[in-house]
Structure formats: C-alpha cells, structure tokens
1. Filter the stretch 279-288 for residues that are crowded, with 24+ Cβ neighbours inside 10 Å and closer than 11 Å to residue 258 by Cα; which is modelled with the lowest pLDDT?
2. Where residues in the stretch 407-440 are surrounded by fewer than 23 Cβ atoms within 10 Å (Cβ to Cβ) and part of a loop (DSSP other than H, G, I, E, B), which of them is farthest from the chain's Cα centre (by Cα)?
3. Considering only the stretch 304-357, give the strands (runs of 3 or more DSSP E) lying wholly within it that have at least 2 residues that are without any contact (Cβ under 8 Å) to a residue 40 or more places away in the chain and either under 22 Å from residue 31 (Cβ atoms) or touching a strand residue (DSSP E or B) at 6+ places or on another chain (Cβ under 9 Å) (or both).
4. Look at the stretch 120-151 and say how many of its residues are over 23 Å from residue 436 (Cα atoms), assigned to a loop (DSSP other than H, G, I, E, B) and touching a residue at least 40 places away in the same chain (Cβ under 8 Å).
5. Given (1) part of a strand (DSSP E or B); (2) closer than 26 Å to residue 95 by Cα; (3) within 23 Å of the chain's Cα centre (by Cα), identify the lone condition not met by residue 189.
6. Among the residues that make up the stretch 361-371, is at least one of them out of contact with any helix residue (DSSP H, G or I) (no Cβ under 8 Å at 6 or more places or on another chain) and surrounded by 24 or more Cβ atoms within 10 Å (Cβ to Cβ)?
7. Can you confirm whether the stretch 161-169 contains a residue that is over 14 Å from residue 92 (Cα atoms), touching a residue at least 24 places away in the same chain (Cβ under 8 Å) and not in a strand (DSSP E or B)?
C-alpha cells in the first residue's frame, strides 16, 4: 500500500434502489479509549484485542455483565516485543486462541516492510517473537488466512512475489509452499470458500482470479471476474483492491478499487473453477483498501470513499443492490482505508478509524435460523474453573465474517461459548480453544471445541449457547456449580 496525497476524481455509476434502509444505528462506546484505535481482533473469550495505530501497546475491550460492548471497559494487555508496532500487517486468531501478528508495511520503531512477528498467548498475557521465513527480507502488508486444517498461511506481499509459507506453531518456524501462483500476493485478500479452497482476485493479471487447494498445495484458475476490480496502478506502485466477503448463499462479493464489483459462484466440485457475474457498481466511491463485514442478516456492510480521499460512505449489499445506510460521525473526515470492521458476538459490528471514536453498528433485521449453530452435545452440569467440550454443527459460521485485504485480517470463523445466568441475567464468555476445524459453511458436519469455564462465574441454572459470526445457537439449559462444591 503506497499512500498518495492527491485527490483523484472517480467516476461511478449509480445503481437503482440505492435508498436508505431503516433502523440501522451507530452508537459510540460509552467508555472511549485513550488512544486512536486501529486493527481489532475478537479473542475466543469474547473480549476484543485492539491495537492503537502503529503502536507497540495493546488494549482489550471487555463487554459488561449484560454482554454489552457499548458499555464495555478497557484494560491494557502486554505490549508487543520491543521495537515492534506495525501498521498494515497480517493477523489471525489461531485455533488454540493465540494471536499471530506478522510483518508491517510501517513500524512504530523504524523500518518498513519489516519481517518482525509475534505470537500472543492469552493464557499468560505474553508475546513471543517469531522469526521470519527463511530468505524473506520483507513481509509488509501481506495477505494471510487460517486454512481449514487450522494452519496459518502467509503470502509475502509488498513487492510482487509468489512466495508463500505456512506457520509451524510448535516450533515457531515456517515451511515454504511452491504453489504455482500466477502473480504476486501484493494487495490481494484471501477468502475461504465452502469447499475449503482459498479465493483471491489477482492484482497484476487484469480480471483473473485464482483459488488455492490445501490438499494439493496448488493454485489454479478461478476464471475471469468479467470487470476490472484492481485500480490499475492509479498513481500507485501496485494496483489496489477491495475486500471479498463470502455470503450465506455461498457466493463471494468481490469489491473493487475501481467502481466495479463482481460476484463469484463457487463450483460444488472441488475441482471446479466456478464462475463470475459482474455485480452493481458502487453508488459512491471505491474500495481501494477498505473494510467490509457480513451482517447477521446476510447483507454486507461496506465502507467506500473516493480514491484515498474523504469522505467515507456506507452501504449494505443485499445480493442485488448497494443500499445507503447511515455513516458514523467521523465518516466525513475518513478515507475508507482508515476503517476496520469487526463482527461481534452480540450480532453487531465494531468500527475503528484511527481515532478514539469507536462505534458499534446495529443492523436492521435478524438472521435466518438455518444459519445458526446447533449444539448436539455438551455437559449439563458444569463446574467453575473446569474445561469441557461442546459439539454440534455450524460452529464456524458461514463466512470468515469481516475482511480488509492484505493490510489487515480480522476473521471470526470460530466458535465462542456464552453462558447467561438465569437468576441474575449476567453474561459470561468462556475461552474456547482446540476447534476441530477452521473451515466455513461446514453444513451438517459435526464439529467441536473446548471451553474453559471462568472460576468466578455465577452458579445455578443458566443457559449456554455457541456463537459464530454473531449468530447464537438455540440455548441449552445447564447448571453451574462452584469450584469448591462437592
């Protein structure tokens, strides 16, 4: 991402029916952070890890006892290793609940396209430095994805390069993959498909798209997008691109750094390439580095702006049209690349924009019950301080949830466990780990995760749900016993 300080006139076409939707709201946090908030990740205990813009420090937002993030409180976590405070980098929550940061187009403490990295352990509130892949002299704003197996995959990014690696967490080392990608990874985003493949839109090959198969470790063609999505340079060293979001119907909305969009229809066959149909153009702006998030309604919330210029305009894509929705207060001053969107287990979306004005978006409408997780098995007598397993279907949701591209990743396709006390109404999240898969849209396949019951949880009759992509399962009645009870 090479920033330019010029205004660019972008001609866009209006789509029909781009009328405001009703009842969507933005609400500011009642407790503003003391810093400008940037990339945010949802930890598996229901709290949100937030990095101040290009900073070495890390903070946590904890929902209140009713589960409200709007009324949440801030606390400081352990800082990143000395000398490392990236801006535009790869990030992921791993299946064991740990968090990995890799690279940085910019760095708080000097350098650019840095090869620094770090692994956060929430159980010990500590970071461990991670050495770069062998031979890599830069990483930059690199794309990454957690594959269905739970393995973290990283593309080199920055300069055009087809180098890619997977992370060996037990040894904090990397294994190179020779996948045969057609172009470099720079400015591209990685989207998990329902069959486990990874979809990218090429930034260097016009309208070409590719998909990666974890089993074969090979890239293959995913066909033509039909319209140009990358910005074709547009005064940039490398073309920019917008985010891609998998929707509940199995299609992927690919947003352009031009005014164009295209929708990908994956083939049901693992060997199939699928096909593309150009989507509507943006009513205003483009998405040259910008956030998008899948809402619980199935719509996609997008943040558009002129090419690296304010103001930002927000829309919901309903599968056919981009419908105007209210924008947060800072939108008038924001370029779209300032923004980050994160799905919350409350069914809302959190927005950060480098300022301390963190906003929560509440969509209009609800979810289709067919999208909700379903619990098949969980102990109904639970003791505080103990670890249990829960199994069922659709625990990883139907999508990674939110996307930005190679500059930031904040996927939430993993299960959270939420317990609500029947007597007090207090809400507690249990830290989950050991998810049996990190795939999306797993259908009727039975999956599982482990959860740690907090030692201070309230006792007595309660209701337990599994939440994925902000959508809760039907509740299961459980009884919580204190740690000291016999």
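The values are calculated or read from the model by the stated rules, or taken from the named source; none is laboratory data. This one's a predicted model, so the numbers in the text were calculated from it and none came from an experiment. Positions of Cβ are backbone-derived with ideal geometry, glycine not excepted, and every protein chain shown enters the neighbour counts.
1. Within the stretch 279-288, the first condition is being crowded, with 24+ Cβ neighbours inside 10 Å, and the residues that meet it are 279, 282, 285-288.
Remaining after also requiring closer than 11 Å to residue 258 by Cα: 282, 285-288.
Working: 282: 97, 285: 96, 286: 97, 287: 97, 288: 93.
The selected residue is 288.
2. 423
3. Numbers: elements: 313-317, 322-324, 340-343, 349-352.
Once the strands (runs of 3 or more DSSP E) in the stretch 304-357 are filtered for at least 2 residues that are without any contact (Cβ under 8 Å) to a residue 40 or more places away in the chain and either under 22 Å from residue 31 (Cβ atoms) or touching a strand residue (DSSP E or B) at 6+ places or on another chain (Cβ under 9 Å) (or both), what remains is 313-317.
4. Within the stretch 120-151, residues that are over 23 Å from residue 436 (Cα atoms), assigned to a loop (DSSP other than H, G, I, E, B) and touching a residue at least 40 places away in the same chain (Cβ under 8 Å) number 11.
5. Just one mismatch for residue 189, condition (1).
6. Taking the stretch 361-371 first, the residues out of contact with any helix residue (DSSP H, G or I) (no Cβ under 8 Å at 6 or more places or on another chain) are 361-371.
Filter again for surrounded by 24 or more Cβ atoms within 10 Å (Cβ to Cβ), leaving none.
No, there is no match, as no residue in the stretch 361-371 is out of contact with any helix residue (DSSP H, G or I) (no Cβ under 8 Å at 6 or more places or on another chain) and surrounded by 24 or more Cβ atoms within 10 Å (Cβ to Cβ).
7. yes
Conditions tested, residue by residue: (1) assigned to a strand (DSSP E or B); (2) closer than 18 Å to residue 290 by Cα; (3) modelled with pLDDT of 50 or more.
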residue: 2; (1), (2), (3): no, yes, no
residue: 8; (1), (2), (3): no, yes, no
residue: 16; (1), (2), (3): no, no, no
residue: 20; (1), (2), (3): no, no, no
residue: 27; (1), (2), (3): yes, no, yes
residue: 30; (1), (2), (3): no, no, yes
residue: 35; (1), (2), (3): no, no, yes
residue: 38; (1), (2), (3): yes, yes, yes
residue: 44; (1), (2), (3): no, no, yes
